[in-house]
Amino acid sequence: MSGSLPDPARAPDCSGRTILVVLAHPDDESLACGGTIAKLADAGAKIVLLCASRGEKGAVSNPALVAGADLASVRTRELNDAARVLGISEVVVFDHPDGDLRWADVPQFHVDIVLAIQRYKPDGVITFGEDGLYWHLDHIGVHERTFTAVKSFGPWAPPLYYVTMKEGLMQEIVAAARSNGAVLKGRPFNVEPDAFGDYAKPPDFVVDVRDVVPRKLAALRCHKTQIGPDNAFYHLTDEQARRLLGTEQFQRSPLDAGWHSVIEQL
Ligand SMILES: [Zn+2]
């Protein structure tokens, strides 16, 4: 199905299946693969999200949102709100240090992922690719830990997938927001828009998520301390979101599980 969009009306029955999603920060789930998660959940899959950190080091869109509380707990609450929108069954948030995920707590995070695979016996695992969406070192660290943890299961390893972003997409999102009159200070997620999807390997398959884009956008906007008026996603119309956020792309990891997950049938 590489390069083509399957008919969304022919979604598979995913009841009894579990998909494990391993990411770095609150908001990664919505930004990277919120549509795929929602579609899997709608098709009956149990989605378990492991989030390595609480995003406690990231920039804050509006300090008033954090008044009287610590950022880690506010972002954990925002993540749980987004998870409800997407249909995620279980959110497990670890306290590995935001900003230092590539080097800190390496053995413990490895064990966390191994234990989750043993416990949930997922039909498939989703994490970042080698490019960490936009060369974010935390994302690359999560990619490395997840790859190693899945690999440690040898012939019993579940299929592992890398979510990537289309090159140029973030530029289009920023341009669309500006065409709506948005005055954006700073850069989306504090990186150059060109960095998103830069040199990402071509996808093996894409998932058509147009029918769940409103939920993907709603989930993103649950992350209020991140998606404020300075963020392009704040300003997208539903029509723009459907056009720009309507596909999500994946690579198969080089680990061959010998079978393919229901993710590839969406
Ligand atoms: Zn992130």
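The values are calculated or read from the model by the stated rules, or taken from the named source; none is laboratory data. Quantities reported herein were computed from a predicted structural model and do not represent experimental measurements. Positions of Cβ are generated from backbone atoms using ideal geometry, with glycine treated the same way; all protein chains shown enter the neighbour counts. These accessible areas exclude ligands, DNA and RNA; they are computed on the full protein's heavy atoms, side chains included. Shrake-Rupley method; radii C 1.70, N 1.55, O 1.52, S 1.80 Å.
Do any residues in region 218-244 that are touching a residue at least 24 places away in the same chain (Cβ under 8 Å) have Cβ atoms under 6 Å from those of residues that are open to solvent by less than 20 Å² (accessible area, probe 1.4 Å) and of a type in the set (Ser, Thr, Tyr), where the two are at least six apart or on different chains, and which pairs are they?
ALA219/SER30; LEU220/SER30
Filter region 7-64 down to residues that are among the acidic types (Asp, Glu) and assigned to a helix (DSSP H, G or I) and give me whichever is most open to solvent (accessible area, probe 1.4 Å). First the steps, then the outcome.
Let us first name the residues in region 7-64 that are among the acidic types (Asp, Glu), namely 7, 13, 27-29, 42, 56.
Those left that are additionally assigned to a helix (DSSP H, G or I): 28-29, 42.
Working: ASP28: 3, GLU29: 2, ASP42: 99 Å².
Among those residues, the one meeting the criterion is ASP42.
Among the residues that make up region 160-171, is at least one of them under 16 Å from the mean Cα position of the chain (by Cα) and assigned to a helix (DSSP H, G or I)?
yes
Counting only residues that are within 13 Å of the ligand (Cβ to nearest atom), open to solvent by 10 Å² or more (accessible area, probe 1.4 Å) and in contact (Cβ under 8 Å) with a residue 40 or more places away in the chain, how many does region 132-157 have?
3
Filter region 183-201 down to residues that are acidic (Asp, Glu) and in a loop (DSSP other than H, G, I, E, B) and give me whichever is nearest to PRO229 (Cα to Cα).
Filtering first and then ranking leaves GLU192.
Any chance region 26-47 includes a residue that's over 17 Å from TYR161 (Cα atoms), modelled with pLDDT of 95 or more and within 15 Å of the ligand (Cβ to nearest atom)?
Yes, because at least one residue in region 26-47 is over 17 Å from TYR161 (Cα atoms), modelled with pLDDT of 95 or more and within 15 Å of the ligand (Cβ to nearest atom).
Exactly one condition in (1) out of contact with any Pro (no Cβ under 8 Å at 6 or more places or on another chain); (2) surrounded by fewer than 22 Cβ atoms within 10 Å (Cβ to Cβ) is false for LEU220; which is it?
Every condition holds for LEU220 apart from (2).
Please determine, by comparing only the residues of region 83-118 that are touching a residue at least 60 places away in the same chain (Cβ under 8 Å) and farther than 19 Å from THR18 by Cα, which one is surrounded by the most Cβ atoms within 10 Å (Cβ to Cβ).
Among those that are touching a residue at least 60 places away in the same chain (Cβ under 8 Å) and farther than 19 Å from THR18 by Cα, it is LEU101.
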